[in-house]
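The values are calculated or read from the model by the stated rules, or taken from the named source; none is laboratory data. This is a predicted model, so every value here is computed, not measured. Here the Cβ positions follow ideal geometry from the backbone for every residue, glycine too, while neighbour counts run over all protein chains shown. Ligands, DNA and RNA are stripped out before the accessible areas are found, and what is left, the full protein with its side chains, is counted by its heavy atoms. Shrake-Rupley method; radii C 1.70, N 1.55, O 1.52, S 1.80 Å.
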4 protein chains.
Amino acid sequence: MVYFQSDYIMGAHPEILRRLGETNFEALAGYGFDKYCDSAKEKIKVACGCPDSDVWLIAGGTQTNAIVISSMLARYEGVISTVTGHIGFHEAGSIEYTGHKVFLLPHHNGKLDADELDGFIKDFYADDNHEHMVFPGMVYVSHPTEYGTLYTKDELTRISDICRKKGIPLFLDGARLGYGLMSRDTDLSLPEIASLCDVFYIGGTKVGALCGEAVVFTKNNTPKHFMTSIKQHGGLLAKGRLLGVQFDTLFTDGLYFEISKNAIDQAEKLKKLLADKGYRFHLDSPTNQQFIIVENGKLEELKKNVAVGFWEKYDDSHTVVRLATSWATTDADIEELAKYL
Amino acid sequence: MVYFQSDYIMGAHPEILRRLGETNFEALAGYGFDKYCDSAKEKIKVACGCPDSDVWLIAGGTQTNAIVISSMLARYEGVISTVTGHIGFHEAGSIEYTGHKVFLLPHHNGKLDADELDGFIKDFYADDNHEHMVFPGMVYVSHPTEYGTLYTKDELTRISDICRKKGIPLFLDGARLGYGLMSRDTDLSLPEIASLCDVFYIGGTKVGALCGEAVVFTKNNTPKHFMTSIKQHGGLLAKGRLLGVQFDTLFTDGLYFEISKNAIDQAEKLKKLLADKGYRFHLDSPTNQQFIIVENGKLEELKKNVAVGFWEKYDDSHTVVRLATSWATTDADIEELAKYL
Amino acid sequence: MVYFQSDYIMGAHPEILRRLGETNFEALAGYGFDKYCDSAKEKIKVACGCPDSDVWLIAGGTQTNAIVISSMLARYEGVISTVTGHIGFHEAGSIEYTGHKVFLLPHHNGKLDADELDGFIKDFYADDNHEHMVFPGMVYVSHPTEYGTLYTKDELTRISDICRKKGIPLFLDGARLGYGLMSRDTDLSLPEIASLCDVFYIGGTKVGALCGEAVVFTKNNTPKHFMTSIKQHGGLLAKGRLLGVQFDTLFTDGLYFEISKNAIDQAEKLKKLLADKGYRFHLDSPTNQQFIIVENGKLEELKKNVAVGFWEKYDDSHTVVRLATSWATTDADIEELAKYL
Amino acid sequence: MVYFQSDYIMGAHPEILRRLGETNFEALAGYGFDKYCDSAKEKIKVACGCPDSDVWLIAGGTQTNAIVISSMLARYEGVISTVTGHIGFHEAGSIEYTGHKVFLLPHHNGKLDADELDGFIKDFYADDNHEHMVFPGMVYVSHPTEYGTLYTKDELTRISDICRKKGIPLFLDGARLGYGLMSRDTDLSLPEIASLCDVFYIGGTKVGALCGEAVVFTKNNTPKHFMTSIKQHGGLLAKGRLLGVQFDTLFTDGLYFEISKNAIDQAEKLKKLLADKGYRFHLDSPTNQQFIIVENGKLEELKKNVAVGFWEKYDDSHTVVRLATSWATTDADIEELAKYL
C-alpha cells in the first residue's frame, strides 16, 4: 500500500522533532511569549522581506481563517471568496458562526477573477438598497487554491489593486504556501505576496509541522488586542513553544523552502508518471496536488494498493481523485506507486 | 405624482386604526398575553384550518426570519434558499449574524426547484467530507417570491415531500401571503400551505397593518421557550396589543383576504394598462408586484410623475423597475397612472 | 379592579392615534426616510440642546440596547452594568447573544457607584493577565433605574468623567426618561444628560407611545453604517412612519414632558396615599414606580381589586410589589385605589 | 533561577516525544480517525470505568470549554459557574462569544456550594418573569479549582443530584484533573467523577502533554454531529495523531497518574518548605498549586531568583502569588528553591 491521499498523513519533519526534544526542559513563558516564538517571528519577517510586519502563530487553518476574518471585519461586513474557497464549504460554517456572511463568487480553476470581483463590488455600491445588505469587507483567496492552481503575479496584483482602491483588505490563505512558492510555474515570491496582501498565512500543518500556521499582518494593520481575540476563539495554546519551535525550525536555513521543493520535485515525477500511464488530468496543477479523472471500476481496483483522496463525482462512471505529494514523499513512494498505476 | 414604488407606502387599513383607538384605554397585560393577541391567534388558526397550530406575532419580517430560523436550526446547520431569497441578500446578513449559513441555490423566476433542492441535499450526504460542512437544516421559500411569482400546489408539495423525507423543516416566508392567496392564478389555499409547511408566516406589514407578521407553527413543533428566543432577539414588544389588535382586525370577517383581493384586482388593471401602453414585462407575475423593463431615458421622464421601485439594471440602456399595488390602491391611482405612462 | 402593575398597560396617548390617522394615507418612503421621522429627529435634537447629535428610532428597548451595545463594542469588549441593570437579567441574554459579556457590578438602590466603577476598571488594567480577559468597553446605566431611582448630576458627572478618562462610552438607558426628567427630585436636565452621555435613548413605549425608543448619539459618534446594523438585528421597520409620527407628536409642544409630569403628579399622590395607609416602602423612589413591602396574606386580599407588579420575595411572609403610574393615570384611578388599600 | 510560576513551563513528558518520533512516518488518517486516537480513547474509557462513554480529543482548554458548553446548551440557556471559574473571567469571554451567558455564583475557596446552586435555580423558576431571562442550562465546576482546592465526593454528589433533578448537565473542567486524582486529600476517583458528571475533560496540557484535553461524554450524551461542531469552532486538527499519540502514551501503563503523583509529592515538599520558612498560605490547597501571601518588598527580592505567578493583590503591602509543581518538578528544583526562600 502506498499513500497519496493528502499532504498531512505523516508527522513532522524530523528536525522539528529533534528540536522539540532539545528544548523540552527549558522553562519557558506561556502563550507565545517564549524566545522560540520570538525567533520564529523574526525569521519569518526576514523571509517575507517585510521588517514591519507582525507575525502570529496559531494552531490550525480553520481557526486561523475564523480569527483573522472576524477580527478584521466590521459586524456588518462579509468576506468574498470563490465557491471553491475553503471557508466557503469545508470549514463547517466557521465564518458564519462568527456572524459574517461569505460571498461566493465563481471560480476559474479554483481562482477568483479580478474582473468579476470588481463587478461584484461595483454592483453592490450601485444598488440603491445596499444599506440593507452585507457590505463586502474583505477578499479571501487561497494560494495554491483548493485545486492546486496558482495566481500569477499579474492576477494577484489586479486583485490587490481592486482591494486597495475599495479600501478592503486582501487575505491570502497559504495553507500550502510553500508548495506554491516552490512551484516551477510561479512568478510570485514570498516578499511579493507580502507586499500585495494585507494579511496572509504561511501554512505549517501541511508543510512539515505537526500543527501551526503563521499569520503575517503586512501593513502595520494587526487588529487591536489580537491576542485577546485569539484567546476568545480558543486558539491560544498555553504551550506556545509548540508552535514557536516548529516555525523557528522551518525558517532556519531555508528548511521550509527546501522541503516544499521536495514536494514539487516529487509532484513533477508524479505528473509524468500519470501522463505516461495515460491518466486524464482534471486540470493542470503546478503544485503538489494532482487531480485525475478515473473510471469507477478502475478506481476500485487502484484503491486496493493506493490511498487516494476522493474529490468529487465527475459523471456517473467517473470520479475525480486527488494524489498529493508532500515534504515527506520519497522516490520510493513514487516507484511503488508506479507499480500500481 | 402617483405612488407605485412599493406596497408599504401607506399607513394601516382604517379599521385597524379605529380598533386601536377603541381599545386604547383598556388595561391589558403586556408581552402578548392580552385578549386581542389571544383572539387574533384563534382566528388565524381557524383561517389556516389548523386547530393544533401555534401562532406568534412578531413586529417585522427580517426579525421573524432570523428568530424562526435560528430557533429551529442546530448550530451546525444552515438554511437553504434561492439566490433571490430575501434572507440571502436583503436582510443585511441577519441570518449569518445568528451564526448560520444561508445556502444559495439557483432561482427560476424567484422559485426554488424541487429537483435542484433534492440534488443539493443528496450531494451533501454523498460527500465523504460532509462532516466538515454545514448541514442543510431547513428550506426557506417565499410565496409570493421576490418576483411576485407563486408556487403551484404541485411544486410546493414536491418541496415539502423532500423536506419530510430528509427530516428538515420547510419554512415559507409569507410577507405578501395575502396577495398570493388572492391571486387569480393560484391553486394553493391557506390550509394547504399550513399543511405543506412546518412553519410559515402571514405578513401584516405589507398587507394592511402598520407592522407585524403572524408566525404559524403547524405541526406542534414550536421551538422550546420560543418566547424567550423572541425576547433574546429583541423582538418582544411590551405592548403586544399593538400586534394583537391589528391581526385580530385583519382576521375578523375576512378583512385580510378582502383587502388582499383589492391589490390583485388593481394589479390586474395595472397589468392591462402596462400591456396596452406597450411596456415590456420582465416576467409574468400573478400577484401585486409587476416588473417592467424601461429604457433609461424614458424612465427618467416617467419618474417625474410616477414613483416606481428600482429593481435591477437590465442592460446599459434599460432598467427593471417595480410597480406594486396594495390593499390601499384605488381606481383613482390607476387612472392617474394611466395619464403618465 | 384598578390597574397599577406597570406603565405599559394602556395604548398610546390619544394625540398619537389622532396623528397616525391624519397621516395614514400619505404616501411615504419606507425604513425611516419619511418626513415625520425627519421632523421627530429635529425636534429631539432641539429638546436635547444638542444640534450635532444624531437620532435614530427603534421599535423596542431590548432591541435598542442590543443594537447600540453590539455596534459600539469591539468584539473583545464587554459592557459594565449593575446587577440590577435591565441588560443583566431581564433581556434573556440578548447582549450575550451578540457575543458580548455583561460585567455585573453591585447596585445601590439600582445605581452604579462611580468609585466602584473606577476600581473595577483600574483592577482590570492592573491585572497582569488582562489580555486574557474581556476588556471593559462601555458603561451602561439606566435613568430612572429599575428601582425608579435617579442619578444626581454629581453622580452622573463622576461616572461620565471616568468613562472619558478611560476612553469608553457611557450609554444611558432612558426607557422611562420622561419620568426621570419630570421628577420633583432631579437636578438633571435633558441637555445635561445629552452632554454627559455618549449615547442614550428616550423611551417612548413606557411614556405614551405604542412602541419606540429614540436613540441619541451625542458626540458625532454614530457607529458606521448604523442603519445596516439595525437591519441586521431585525430592528428596521418597513413603515418607519409608525415611529416617526409617534415621536414627532411626543416632541411637539412639549407633549412628552407634559404627560411625563402627569405620571409624577399621580405618583406623588400615590406615595402619599400609601404612606397614609401605613404601607412600608422598599426604598424611596422619586419617579413613577413605587415599591412597597406587603405581607403575603394582605397581598392576596389586595390583588382581588388592584393589579400590582410582583417584584421580588422580601422574606418568607412578605413580598415586594410595584405600583406604577404613567402618562395615562387619572385622579379617578388614584381614588379607586384608595378604596382598596 | 528556579521556575515555579506555573505547571506549563516545560515541554512534554519524554515518553510522549519518543512516541511522536517512533510513529512519525506512519501514514495515518487525518482529523482524529487514526489508530492512536482510537487506542487513546479506549484506554481512557477503561481508566474511567465507563465503557459506554464517548471520548474526544481537543487541542486546548479554552477551546474545549467553548465547544462543549455551546454544543450542549440551547440558545436561550446559560451556564452556571463560580465567580472564580476559568470561563468566568480568564477565557476572554469565549463563552459569551458563542452567544451564551455565564452566571457567576459566589465561590468558597474556588468551589461552588450546592445549596447556593439549588437556591439560584429555584429562585429562577420562582420568578414570574423567568421567561424573560436566560435559562440555567448547565453547571460548570473545575476540579481542582482555580485555587487548587478539591470537591469532596459528598460535595460533588450533591451538585450532581441537583443537576439531575433539574435535568441540566454537570460539566467538570479537569484541566489539572491528574493532580486532583493523585492528591493525598481526595476521596474522588476517576470512575466516580465519570459517574457523577455528564461530561468532563482530562487535562493534558498541564499534565505532561504539549497540548490536548480529552473530553468524556459519560452518559451516551454526545451532542449530535459533535465533530462538525469542533470543526466549526476551528478545533479540529488535521493531524489528529498529535493528540492521539500523546493521550495514548499518557494512558499507557498509568503514566498519567504516575506523573501526576510526582507533582503532588513535590507539592507536599513545597508546602512543608514554605511552612518551615514561615510563609503564610492564602488557603489550604491539597494539589499542585500553592498560594502564599508575601510582603511586596520581600516579593521583589524573591523574584530575583524564583519565578512565581502573580495571583492577586492581597492588600496595599502584600500580594498573593502562586507556586506550582508539575509532572516535571524535580527534587533539585525544590532544593534550589529552598536556598532562595
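Considering the range B:1-10, and only residues there that are at pLDDT 95 or above and either over 18 Å from the mean Cα position of the chain (by Cα) or not in a loop (DSSP other than H, G, I, E, B) (or both), the residue that is surrounded by the fewest Cβ atoms within 10 Å (Cβ to Cβ) turns out to be B:2. Of C:92, C:47, all but one fail to be closer than 25 Å to residue B:62 by Cα, modelled with pLDDT of 95 or more and in the same structural domain as residue C:150 (by TED's automatic domain parsing); the exception is C:92. Among the residues making up the range C:167-187, those that are within 14 Å of chain B (Cβ to nearest Cβ) and either closer than 21 Å to residue C:38 by Cβ or touching a His at 6+ places or on another chain (Cβ under 8 Å) (or both) are C:173, C:175. Considering the range A:247-297, the residues that are hydroxyl-bearing (Ser, Thr, Tyr) and surrounded by fewer than 20 Cβ atoms within 10 Å (Cβ to Cβ) include one that is farthest from residue A:176 (Cα to Cα), namely A:279.
Picking from residues in the range C:109-136 that are aliphatic (A, V, I, L, M) and within 21 Å of residue D:311 (Cα to Cα), the one that is surrounded by the fewest Cβ atoms within 10 Å (Cβ to Cβ) is C:126. Going by what's in this entry, would residue B:139 be described as buried (at least 22 other Cβ atoms within 10 Å of the Cβ) and β-branched (Val, Ile, Thr)? When the stated conditions are applied, residue B:139 passes them.
Take the conditions crowded, with 20+ Cβ neighbours inside 10 Å and of a type in the set (Ser, Thr, Tyr) and apply them to residue B:76. Does it pass? Yes, satisfied.
Here the condition is being surrounded by fewer than 23 Cβ atoms within 10 Å (Cβ to Cβ) and either in contact with a strand residue (DSSP E or B) (Cβ under 7 Å, 6 or more places away or on another chain) or within 9 Å of another protein chain (Cβ to nearest Cβ) (or both); of B:33, B:25, it holds for B:25 alone.
A search for C-beta distances below 6 Å between a residue of the range D:1-17 that is more than 8 Å from chain A (Cβ to nearest Cβ) and in contact (Cβ under 8 Å) with a residue 24 or more places away in the chain and any residue that is open to solvent by 10 Å² or more (accessible area, probe 1.4 Å) and of a type in the set (D, E, K, R), counting only pairs 6+ apart in sequence or on different chains, returns D:2/D:333; D:2/D:336; D:7/D:206. Could you tell me whether any residue of the range A:216-226 is within 14 Å of another protein chain (Cβ to nearest Cβ) and part of a helix (DSSP H, G or I)? Yes, the range A:216-226 contains at least one residue that is within 14 Å of another protein chain (Cβ to nearest Cβ) and part of a helix (DSSP H, G or I). Within the span defined as the range C:316-330, one or more residues are open to solvent by 40 Å² or more (accessible area, probe 1.4 Å), within 16 Å of residue C:3 (Cβ to Cβ) and in contact with a helix residue (DSSP H, G or I) (Cβ under 9 Å, 6 or more places away or on another chain). Of C:208, C:244, all but one fail to be assigned to a helix (DSSP H, G or I), under 20 Å from the mean Cα position of the chain (by Cα), crowded, with 24+ Cβ neighbours inside 10 Å and not acidic (Asp, Glu); the exception is C:244. Of all residues in the range D:268-289, none that is in the same structural domain as residue D:315 (by TED's automatic domain parsing) and assigned to a strand (DSSP E or B) has its Cβ atom under 8 Å from the Cβ atom of a residue that is open to solvent by 90 Å² or more (accessible area, probe 1.4 Å) and modelled with pLDDT of 95 or more, 6 or more apart or on another chain. I'd like to know if the range A:65-81 contains one or more residues that are at pLDDT below 95 and more than 29 Å from residue D:7 (Cα to Cα). No, the range A:65-81 contains no residue that is at pLDDT below 95 and more than 29 Å from residue D:7 (Cα to Cα). Against the test of being under 22 Å from residue C:51 (Cα atoms) and more than 14 Å from every other protein chain (Cβ to nearest Cβ), the options C:190, C:243 yield a single qualifying residue, C:190. Looking at the structure I just gave you, is residue C:94 among the polar types (S, T, N, Q), within 8 Å of another protein chain (Cβ to nearest Cβ), out of contact with any strand residue (DSSP E or B) (no Cβ under 8 Å at 6 or more places or on another chain) and free of Cβ contacts under 8 Å to residues at least 40 places away in the same chain? Here the answer is yes, as residue C:94 does meet what is asked. Taking the condition buried (at least 24 other Cβ atoms within 10 Å of the Cβ) and assigned to a loop (DSSP other than H, G, I, E, B), does residue B:92 pass? Yes, satisfied. In the range B:267-279 there is no residue that is under 30 Å from residue B:157 (Cβ atoms) and aromatic (Phe, Trp, Tyr). From the list C:155, C:146, the one residue that fits, being part of a helix (DSSP H, G or I) and more than 26 Å from residue A:230 (Cβ to Cβ), is C:155. Just one residue in the set A:255, A:283 is of a type outside the set (Lys, Arg) and more than 26 Å from residue A:17 (Cα to Cα); that residue is A:283. With respect to the numbered conditions (1) at pLDDT below 95; (2) closer than 20 Å to residue D:143 by Cβ; (3) assigned by TED's automatic domain parsing to the domain that holds residue D:170, which one is the sole condition not fulfilled by residue D:311? The failed condition is (3).
Figure legend. Inter-residue proximity from the range A:41-62: first residues away from every other protein chain (no Cβ under 14 Å), second residues β-branched (Val, Ile, Thr) and open to solvent by 20 Å² or more (accessible area, probe 1.4 Å), beta-carbon distance below 6 Å, spacing 6+ or different chains. Indicated pairs: A:54/A:222.
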